[in-house]
Amino acid sequence: MTDYSTAIFGLIAFTAVVSAAVIYVLAQPSDLPVVKKAKAAQN
């Protein structure tokens with residue numbers, strides 16, 4: 001039986017990086033026309 005701890009830690013690190021990237025992208029202001037219209041209607 002081999003030790004998979006390195007692979008497990010690598011997978012956890014990879015998941016953390018991908019999650020941080022997704023959160024970063026979703027936190028950016030949207031350039032979707034529908035969202036722009038909704039924000040313009042609120043102001």
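The values are calculated or read from the model by the stated rules, or taken from the named source; none is laboratory data. Just so you know, these numbers come straight off a predicted model, no measurement behind them. Please note: Cβ atoms are built from the backbone with ideal geometry, for glycine as well, and neighbour counts cover all protein chains shown.
Considering segment 5-19 alone, what residues qualify as being more than 21 Å from the chain's Cα centre (by Cα) and either surrounded by 10 or more Cβ atoms within 10 Å (Cβ to Cβ) or charged (D, E, K, R) (or both)? Correct list: A7 only.
Within segment 2-43, being at pLDDT below 80 and of a type in the set (S, T, N, Q) holds for T2, S30, Q42, N43.
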